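Heads up: the structure comes next, in structure tokens.
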Ligand SMILES: Cc1cc2nc3c(=O)[nH]c(=O)nc-3n(C[C@H](O)[C@H](O)[C@H](O)COP(=O)(O)O)c2cc1C
Ligand code: SF4
Ligand code: SF4
Ligand code: FES
């Protein structure tokens, strides 16, 4: 009889911090104590606290261990598993709790309390490589219900009523998309799942595929039934090897159980899914480029119309949704459209997953009801900004999105509120910045990305983004004029209006939104030749003040010999030689070196 | 998969697993806590724990959580088991063995009747 389940995270984050070794150590230690028939070790998907991995949780107590190393396992087994004493010192200490209170249970922690898990509901709960566990948590019930009790039109109505909108970026109403696809009279149709996830720093879709791959298979089957498709494609980047493997395992298991294939649940419905690997180009997440890539051609966008719902993969009408969009579907069918619509705001229903990163205490994956404010995400769930620094801005929507300044921290996170302030929901990257971040530098970072990722098919994007980047470089080097700022802005609008696909059309957004909220910072670079955050190297200098005691430490540490001065006398830095590495400042015991 | 019944059969088979990983409604849980320190183990706490788990699973009792704890403090009365109801009433059973477990499960957990003869109040 099994009395304990030990769940160990097998997501990408924890795998790279060594969770497989933890699993091995557990199995060995349990066998040594002859406990293998009483305690079951289960590998799961991501818990969302990847930075604290490897994560391990012991049931039925629900004790949550973080940063688990194989060396801790003998103690945990002998104390916790055998004697029933939770090993407190290895538990996850809620970093936001000033009193240092330890939490035994996951749902008590500040990180999880305000979250609401719908798309991620099985991540960190089930073994994604075991279809029976998915079934145990209501898996494939929704598909069974749809096939045996509902007409395609009823399914589409249910999704419409739920208010679900696409999680891939644009927020198109999913029910409407299904409806349009179902109206096409073609005998052969496809459904497609966009798992390209090219936004730098985002890993929501990867986590869903790693932690709950059957949910995607089930949802695509439901979509296929609703729109009348016979085949599905999942386009996933080859850089996600764990997700690809788990999805393939899941597809094989579903086929074995007859949940994919002919006459599913004894009905006339037949459906199959194929995985297609992408090489990891950002533009291939754009749906027309994605479909071109699936066909085996170079992944370049094409003009719409014709829309994929008329002419998709291999010219067959195709209905495409994002991974997270799909992950919501089975729950909506089982719990009803009203349940889903009860979460969120007027026009943005349900929840959204974000990959929280940057200058924030709790980095990781969070799922929140739409309408949660940025403040709640940053201060409550994220635990605030580390090192007592001040919050400056948050970037959503990655290279296509914009920033939200500190003055708008109470903005509710939903499609329309974000669009109104010049940012966008995007796929769910959320990067937090503090006072040490230079906003011009941030814009430059995203432009470097889009210049690299532009496919080159259309001129406004291929040449225009390059020019934008050159302006930004000029600004950060202190060589720009106020005229350049105006020209930069004008070019932004030109590219937005004339690029062929979403990549080019949204590429200027990081510039436009930083210009809107941080114009004074641009002006400081241009007019005063200063970088207020002290980031842009060309605009700052290291200087030694009168606090210098002449200890010679900095002169010895400087890698380029830029510091001179006699012992016990004030030293000086030669600006012509200095490469601005900062070593001298970090090393000075008298804080005599400043950056300005 | 030819029918929903087939799917539900698999689900039923897996139900034990699901239950171990947390109960839906934390507030309606009865906890069975078995003392598993060295003294408890020496006195035979392990078979007691296993018997509880077996009985609870076989009877499909929802909202019962069997856990372990360290030394409860009265070593000569081990194995000791505490049953804590959702309202917080605590019953301490002492000198437990597998047969007594069956009776506690049947009377206390199923029929909500404390088995007085095994409680600490009646220990000699
Ligand atoms: C440059 C670019 C990159 C995109 N990358 C992705 C992506 O990685 N994943 C995704 O689901 N959608 C991405 N999209 C949006 C897709 O074109 C499409 O709108 C989406 O997959 C539709 O699914 P949804 O309605 O479920 O959101 C991207 C769009 C553009 C213009
Ligand atoms: S906008 Fe950029 S990515 Fe899109 S088609 Fe034009 S060149 Fe290619
Ligand atoms: S910043 Fe680096 S290069 Fe410049 S003076 Fe200091 S140690 Fe030398
Ligand atoms: S990968 Fe383990 S918590 Fe995210």
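How long, wide and thick is region B:33-119, going by the Cα atoms along their three principal axes, in whole angstroms, largest first?
30, 24, 21
Between residue A:483 and residue A:589, what FRET efficiency comes out of the Förster formula 1/(1 + (r/R0)^6) with R0 = 60 Å and r the beta carbon distance, rounded to 0.05? Don't skip to the answer; put the middle values down first.
Working: r = 46 Å, r/R0 = 0.77.
E between residue A:589 and residue A:483, to the nearest 0.05, is 0.80.
Compute the length gained on full extension between residue A:416 and residue A:537: take 0.36 nm times their separation in residues and subtract their Cα-Cα distance, giving the result in nm to one decimal.
Contour length minus the Cα-Cα distance gives 39.8 nm.
Can you put A:212, A:108, A:414 in order, fewest other beta carbons within 10 Å first?
A:108, A:414, A:212
By how many nm would the segment from residue A:79 to residue A:552 lengthen if fully extended, with 0.36 nm per residue of separation less the alpha-carbon distance?
Separation in residues times 0.36 nm, less the Cα-Cα distance, equals 164.9 nm.
How long are the semi-axes of the equivalent ellipsoid of region A:351-434, taking √(5λ) for every eigenvalue λ of the Cα gyration tensor, in whole Å from largest down?
Semi-axis lengths for region A:351-434 are 18, 13, 12 Å.
Using a Förster distance of 41 Å, how high is the FRET efficiency between residue A:407 and residue A:462, based on the Cβ-Cβ distance and rounded to 0.05?
Efficiency at R0 = 41 Å is approximately 0.70.
Averaged across A:75-85, how many Cβ atoms of other chains sit within 10 Å of each residue's Cβ atom?
Neighbouring Cβ atoms belonging to other protein chains average 4 per residue here.
Between region A:492-527 and region A:1-39, what is the C-alpha centre distance in whole Å?
50
Just counting partner chain Cβ atoms within 10 Å, what average do the residues of peptide B:30-41 show around their Cβ?
2
Any idea what diffusion coefficient region A:406-546 gets from Stokes-Einstein, in µm²/s, Kirkwood Rh on alpha carbon pairs, 20 °C, 1.002 mPa s?
134
Work out the P(r) tail for region A:471-596: percent of alpha carbon pairs separated by more than 25 Å, whole number.
Details: 3462 of 7875 pairs.
Tail of the P(r) past 25 Å holds 44 percent of the pairs.
Return the average number of partner chain Cβ atoms within 10 angstrom of each residue Cβ along peptide A:130-139.
Average neighbour count from other chains, rounded to a whole number: 5.
Grab the DSSP H runs of the protein assembly as shown that are 4 residues or longer, score each as -39,500 (n - 2.57), total them, divide by all residues and round the 222 nm result to the nearest 500 deg cm²/dmol.
When only DSSP H runs of four or more count, the value is -10000 deg cm²/dmol.
For region A:28-77, what percent of Cα pairs sit more than 14 Å apart?
58
Determine the gain in length on full extension of the stretch residue A:71-residue A:36; use 0.36 nm per residue of separation and subtract their C-alpha separation, reporting nm with one decimal. Don't skip to the end; give the middle numbers.
Working: separation 35, 0.36 × 35 = 12.60 nm, distance 1.92 nm.
Extra length from residue A:71 to residue A:36 when fully extended: 10.7 nm.
Taking region A:4-111 as the region of interest, what is the percent of Cα-Cα pairs per 10 angstrom bin, listed from the shortest bin to the one with the maximum distance?
P(r) over region A:4-111, rounded to whole percents: 16, 51, 29, 4, 0.
Rounded, prolate or oblate: pick one for region A:170-274, where a ≥ b ≥ c are the square roots of the eigenvalues of its C-alpha gyration tensor, a/c under 1.5 means rounded, and failing that, prolate if a/b is larger than b/c, else oblate.
It is oblate, given that a/c is not under 1.5 and a/b is not larger than b/c.
With springs connecting C-alpha atoms under 10 Å apart, model chain B as a Gaussian network and identify which of B:105, B:64, B:18 has the largest mean-square fluctuation.
Comparing B:105, B:64, B:18 in the GNM, the peak value goes to B:18.
For residue A:527 and residue A:497, what is the calculated FRET efficiency with R₀ set at 41 Å and r taken between the beta-carbons, to the nearest 0.05?
Taking R0 as 41 Å, the efficiency between residue A:527 and residue A:497 is 0.90.
Measuring from label point to label point, each 7 Å out along Cα→Cβ, what is the residue A:347 to residue A:577 span in nm?
6.1
If each of residue A:256 and residue A:448 carries a label point 7 Å out from its Cα toward its Cβ, how far apart are those two points in nm?
4.7
Over all Cα pairs of region A:286-331, how is the pair count split among 10 Å bins, expressed in % and running from 0 up to the last occupied bin?
Reading the bins upward from 0: 28, 47, 22, 3.
How big is D, in µm² s⁻¹, for the protein assembly as shown by Stokes-Einstein at 10 °C and 1.306 mPa s if Rh is the Kirkwood radius over C-alpha pairs?
Rounded, D is 56 µm²/s.
Every number in this text was worked out from the coordinates using simple rules, so none of it is lab data. Everything quoted here is computed from the prediction, not taken from an experiment. As a convention, Cβ positions derive from the backbone with ideal geometry for all residues, glycine included, and neighbour counts pool all protein chains shown.
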